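Let me begin by presenting the structure, written as structure tokens, before commenting on it.
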Amino acid sequence: MIDSALDRAPFEIWERILLEVVNGTLTPIFDVTCTSSNYLAFKRTCGDGSVVHQDGYIASEKDRVTIRYVCRAWRITVDRWDNRERWIRISTGDGHVSWERWKGAQRIELTSRVKKRRHNGNGPSMYQGDRFSAVLSDWRSSYLITGCSMQVKRLEMLHLNEIEFKRVVEALCNASQALVSLRSLSLSIPVQDEYSLRMISIHFPKLTHLTLRFAVYPASTTLSHPPQEQGAAIHFRTLEVLFLICIEGCYRFSNWVIPALRHLNIRANTTLLEGTIIPFIRYKASNVETLDLEDLDEAKKWGTNQPKSTGRLLAISRLCGSTVNFWDMFPQLRLLRCKLGRSAFSDCPDIHHPLDHIVHSTPITSVDDMFAVLGPWLYNDQVKRLKSIVLFGPYLFSGACIKEGHVDLLLRELRSSGIRLVNPAGRSWMDADIL
């Protein structure tokens, strides 16, 4: 009797399939270049200092647990040290983590906001940063002893204060030999210290993603470094994706060298937009393929008091000024995300512009919203035909649009024009699929 092709399949093929199931959602863009098409998928995996997006990992861990019950060979594969614990989150109070756990992790987050502990007579207090510095030092020591590098591609440290910052950055740079696979770094910036960021750029020249969460309040201390070091250029030559979360304060960007930057996410208050961020966006505009301007109302959760009225496409109007056309300023732009009102632009891009995707962060609440948002992209032959428009809101979630006959006609026209109507997760809305 001849075995089926399935039975004759080499184990290596099954291994690759299993690893794809288990690890497929952990590290998007790090094995391939980031594009505007996969940017939103990557963004959904990013922590921002308050909420960590773990849905994909939780799902993959359920799959791993299920797979291990199929047979002994599969269990051995998915329980290997490099597959068993791929995402580690620790805080100051956590116990010792073994080198075997560290070296197999693909993503590590140092997460807690623990404040300084009081003296109890048994020794000095420990800061959260002291714990993290000790962890980073352990990585360096273990590498020097074993010669084995870690597999971690993503490292997040988004809750450091100004006292801890320099110590942690120094320990991080000292551990760089153990972190040769690191491609994504998320870091809180609680103090004006460009020297430390320059050292990171030297020790981690292959970073492709960087999140900087600025919280440089007026009381923060400026660390002293030689003037020539403070003014030196900061080189991130392979950096493709930059997230700037500006709660308070920001670095200057005039001495940054980031030639590969194409995807830019900005969350900042009005003062920082006008003083620092907008000049930086203008400087990089000719190369930007993704411009993601977070709803400025969301800045309130970071402790700012910006009025809601400033959230309506304020950044767009100030980027352009009175003489520059927005679409001419961004000749490579393929994805735009911002809070768009009913009349967001005085004109839309022409048919030769590369724009493919518009992401509306303004909720759709009525049929009038639907026509106001979608109409400009349908009823003008001189306007660029998009690949997708991302919408959300109660009018869509409730299914009310299905009951509207003229909306049904609008959706048919979208489909005939080749425009996909999708939700923020990138999935087509049900009402568009059933046409």
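A few notes on this one:
- Conditions (1) in contact with a Pro (Cβ under 8 Å, 6 or more places away or on another chain); (2) under 17 Å from ILE258 (Cα atoms): number failed by PHE165: (2)
- If the condition is being of a type outside the set (Phe, Trp, Tyr), open to solvent by less than 20 Å² (accessible area, probe 1.4 Å) and at pLDDT 90 or above, then region 197-226 contributes LEU197, ILE200, SER201, LEU207, HIS209, LEU210, THR211, LEU212.
- Selection within region 140-189 - under 25 Å from ALA233 (Cβ atoms), open to solvent by 10 Å² or more (accessible area, probe 1.4 Å) and assigned to a loop (DSSP other than H, G, I, E, B): LEU160, VAL180, ARG183
- Meets criteria (in contact (Cβ under 8 Å) with a residue 24 or more places away in the chain and in a loop (DSSP other than H, G, I, E, B)) for THR276: no
- Residue match in region 112-133 (condition: at pLDDT 95 or above, open to solvent by less than 40 Å² (accessible area, probe 1.4 Å) and of a type in the set (S, T, N, Q)): no
The values are calculated or read from the model by the stated rules, or taken from the named source; none is laboratory data. What you are looking at is a predicted structure, and each value in this text was computed from that prediction instead of being measured. Cβ atoms come from the backbone with ideal geometry, glycine included; neighbour counts cover every protein chain shown. We work out accessible area using only protein heavy atoms, side chains counted, and drop any ligands, DNA or RNA first. Shrake-Rupley method; radii C 1.70, N 1.55, O 1.52, S 1.80 Å.
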